[in-house]
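Below you'll find the structure, written out as structure tokens, and then a few comments.
The values are calculated or read from the model by the stated rules, or taken from the named source; none is laboratory data. For clarity, every value in this text was computed on a predicted model and none was experimentally measured. Here the Cβ is made from the backbone with ideal geometry for all residues, glycine too, and neighbour counts use every protein chain on show. What goes into the accessible areas is simple: the full protein's heavy atoms, side chains included, and nothing from ligands, DNA or RNA. Shrake-Rupley method; radii C 1.70, N 1.55, O 1.52, S 1.80 Å.
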Amino acid sequence: MARRPIVAGNWKMNKTVGEALTLVREVRGMVSMVRDKVEVVMAPPFTALPAVAKAIEDSNIGLAAQNCFWEVSGAYTGEISAPMLAEVGCTYVIIGHSERRQHFGETDETVNRRVKAVVDSELLPIICIGETLAEREGGRTLEVVTRQLTGALSGFDGAQAARFVIAYEPVWAIGTGRNATSSQAQEVHAHIREQLTSLFDREISQQVRIQYGGSVKPDNAADLMSKPDVDGALVGGASLKAADFAAIVKAARVES
Ligand code: PGA
């Protein structure tokens, strides 16, 4: 079964509304030729979502938010809910990014609650999992990603999970310029798919797209995405430069 690759740009806390519009207009022109062969997604900061939503109308680019709270509304100063994100045109929400786990106390349990909120609003999660350097060096990579994956997917059935996107992002590769090798990525991606088979079944696990993230750049993207279980990329730093992001989109392996 051919899975359509998905390349998403995680802008993190970068770009004012004006800067976002400049970037999205550039990217839009550069990625139009991939049409629907590669799913292209941009995740600007909350403030830029409405403007970016307008700027990608009638294009092949989709919109993601970088996080959301699990309650729908209420006295949660500073939080943004999933229905608010659906209203401004998001399709996806990135959940459980390692920066949120590291700096904002995100746990497997809060990731699961957020995924539930995303699904309740008919949005789709991009669920980030990945080990730290100490965990990799301690030989615990597969155990850690299994725990994170199982926690995030708790309470969901296969039909729901089949549409989720999983992003394998080794923490030591994020923003460091030190990407996982394509064989390191493939090993973990294949393991994640096996876990999906045991949580659900093979038909489901074959549908789930698993992105690699962590220092993806134009010069390593094709190699990483050439691997059979690497179905695209979650791109941080390189998504802030239109030409680099477009080059990564074009490097996705497209099966005919
Ligand atoms: P990076 O970030 O591409 O800058 O390493 C990836 C991510 O955090 O999603």
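Heavy-atom accessible surface of region 1-128, averaged per residue, reaches 47 Å², computed with a 1.4 Å probe. Residues Asp58, Asp36 ordered from highest to lowest accessible area at a 1.4 Å probe: Asp58, Asp36.
Using 1/(1 + (r/R0)^6) with R0 = 30 angstrom and r between the beta carbons of Arg35 and Phe104, what's the FRET efficiency to the nearest 0.05? Approximately 0.20, to the nearest 0.05. Projecting the Cα atoms of Ala180, Leu149, Ala190 onto the charge dipole of region 139-216, computed from C-beta unit charges around the Cα centre, puts Ala180 farthest toward the positive end.
Can you bin the chain into rounded, prolate or oblate? Criterion: square roots of the alpha carbon gyration tensor eigenvalues sorted a ≥ b ≥ c, rounded for a/c under 1.5, prolate for a/b above b/c, oblate for the rest. Taking the square roots of the gyration eigenvalues as a ≥ b ≥ c, the chain is rounded.
Length gained on full extension, Ser226 to Ala243: 4.1 nm, using 0.36 nm per residue less the C-alpha separation.
Over region 45-116, what percent of the accessible surface lies on carbon and sulfur atoms, probe 1.4 Å? C and S fraction of accessible area: 53 percent. Would you mind checking Lys116/Lys217; Lys12/Lys227; Lys116/Lys250; Lys15/Lys250 for any pair whose Cα atoms are more than 29 angstrom apart? Check vs 29 Å cut-off fails for Lys116/Lys217; Lys116/Lys250. For the residues Ile94, Ile126, Ile174, a GNM of the chain with alpha-carbon springs under 10 Å puts the largest fluctuation on Ile174.
The portion of the accessible surface of region 197-256 made up by carbon and sulfur, rounded to a whole percent, is 48 (1.4 Å probe; DNA, RNA and ligands excluded).
In loop segments of region 107-153 as defined by DSSP, the trypsin sites (Lys or Arg not before Pro) with at most 15 further C-beta atoms inside 10 Å of their C-beta are Arg140. Given R0 = 30 Å, the distance between the Cβ atoms of Glu143 and Asn14 translates into a calculated FRET efficiency of 0.35.
Long hydrophobic helices in the chain: the complete DSSP H runs spanning 15 Å or more by Cα along their own axis with mean Kyte-Doolittle hydropathy of at least -1.0 are 17-31, 108-120, 141-153, 182-199.
Ignoring the sites themselves, the chain has its longest run without GluC sites (Glu not before Pro) in a DSSP loop having at most 14 other Cβ atoms within 10 Å at 123-254. Need one word for region 11-105: rounded, prolate or oblate. Basis is the Cα gyration tensor (sqrt eigenvalues a ≥ b ≥ c); a/c below 1.5 gives rounded, then a/b vs b/c decides. Here region 11-105 falls in the prolate category.
Computed from point charges on the beta carbon alone (+1 for Lys and Arg, -1 for Asp and Glu), the dipole magnitude for the chain about its Cα centre is near 520 Debye.
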